[in-house]
Amino acid sequence: MRRTALTPRPDWRAQAEEAGFEFHTFDGEPYWDESACYRFSLEQIERDIEAPTQELTNLCYEAVDFILGNEELLTRFAIPEAHWAYVRQSWQRRDKDLYGRFDFHYDGKGPARLYEFNADTPTGLYEASVFQWLWLEDLIRLGTLPKGTDQFNSIQEHLVDGFGAMELGGPTLHFTAVRDSAEDRGTTAYLEDCARQGGLATKFLFIDEIGVDATGRFTDLGDQAITNLFKLYPWEWLFREDFAKHLPNSSTTFYEPAWKAVLSNKALLPVLWHLFKGHPNLLPSFFEDDPEMESLGKEYVRKPLLGREGANIQLVTSDGTRVAPGPYGDEGFIRQAYAPLPGFDGHYPVIGSWIVMGQPCGIGVREENNPITTNAARFVPHVIEP
């Protein structure tokens, strides 16, 4: 694994706009960063990232059974008790999930280790699937990269196939996201396009436009019943909305399903360590009232159960404590062993490994200039060297 400096294409912004990548820049700073790329060997991808992604996916599915059978854990996960039965039923029905993203520590010298699982509403999808592939093809065409250079990236093929395999039981797959987020809207639009390529009829509406009819069914602006809904909206937020009381009787099939609420929670990390202690792809993690937490020593990472994009993470090291600002933490924290991101001349990458329909299918690399990955991280493309 190497980081190599490159000269950005002079027209990359125009190419991004033409490709529909409208959130390539945030607050005047590039989010897409092609001034460098990360280079991997095929063995590193297959052995150290792809195989662990499949292994951890299987372990997470095992953990769902354990968590949903334990009321103390459901309380620890801060899932409102009123929705326990609904979450359990979604798992008992084996409601299908579509996708997720594992965030890994990886330095090229050993197996990837899990920082967290973005199982419910992961973003970074379009740039990982489409735009970094277009970048690769363009640089090969320009001669900047040699022929035979590849990428771990079959995300779009898996998404289209996944949507094509859905048995909706209704005429339309609705899509929804919040207003005023270019990234969320772009991600949702991309997934909607994949669904159409998979042969599905789709319709988009914002989350605040969803209605409820007299029978308790969710409806769109045309009063059509929403029988199937992809939501880029976290379950922990949805559970606390007033209309959440209609979930059990709505007859709506959700993507991601309600059981994903236990996998998108940082409380998953100590549960995985409890069930599979010593697994090479896991970092020791504990609830804060667990006496074994002391085994972490004086250096550790403190993570809010329901935090997002690095917000409110506390990095406690011998050099002091770093805290990323944010609004999270009221539900509690877990502690995880300190595994510092590898540094490449002041750049700190985290590997996002994508899983679609239960199968690993690609990665995206985000990096920052500090050791906590936040929403200011840049997306940097990768290649597999020939």
The size of the Cβ-based charge dipole (Lys, Arg +1; Asp, Glu -1) of the chain about the Cα centre, to the nearest 20 debye, is 440 debye
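Looking at the P(r) of the range 279-337, how many percent of alpha-carbon pairs lie beyond 18 Å? Mind showing how you got there, number by number?
Details: 606 of 1711 pairs.
The calculated P(r) of the range 279-337 puts 35 percent of pairs beyond 18 Å.
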The lysines whose Cα lies under 16 Å from the Cα of LYS96, excluding any fewer than 8 residues away in the same chain, are LYS231, LYS260
Counting Lys and Arg as +1 and Asp and Glu as -1 over every other residue whose Cβ sits under 13 Å from the Cβ of VAL301, the net charge comes to +3
What helix-only [θ] at 222 nm does the chain give? Using -39500 (n - 2.57) per DSSP H run of at least 4, over all residues, to the nearest 500, the answer is -6500 deg cm²/dmol
Reduced to Cα centres, the span from the range 285-341 to the range 61-138 in Å works out to 19 Å
Surrounding charge for ILE155, neighbours by C-beta under 12 angstrom, Lys/Arg +1, Asp/Glu -1, total -2
The ratio Rg/Rh over the Cα atoms of the chain, Rh being the Kirkwood inverse mean 1/r radius, stands at 0.95
Cα-based Debye curve of the range 1-141 sampled at q = 0.09, 0.12, 0.18 Å⁻¹ gives log₁₀ I(q)/I(0) of -0.44, -0.71, -1.14
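A short reminder: the numbers here are calculations on the coordinates, not readings from a lab. The structure presented is a predicted model; accordingly, all values stated were derived computationally and were not measured. We place every Cβ from the backbone using ideal geometry, glycine too, and count neighbours over all the protein chains shown.
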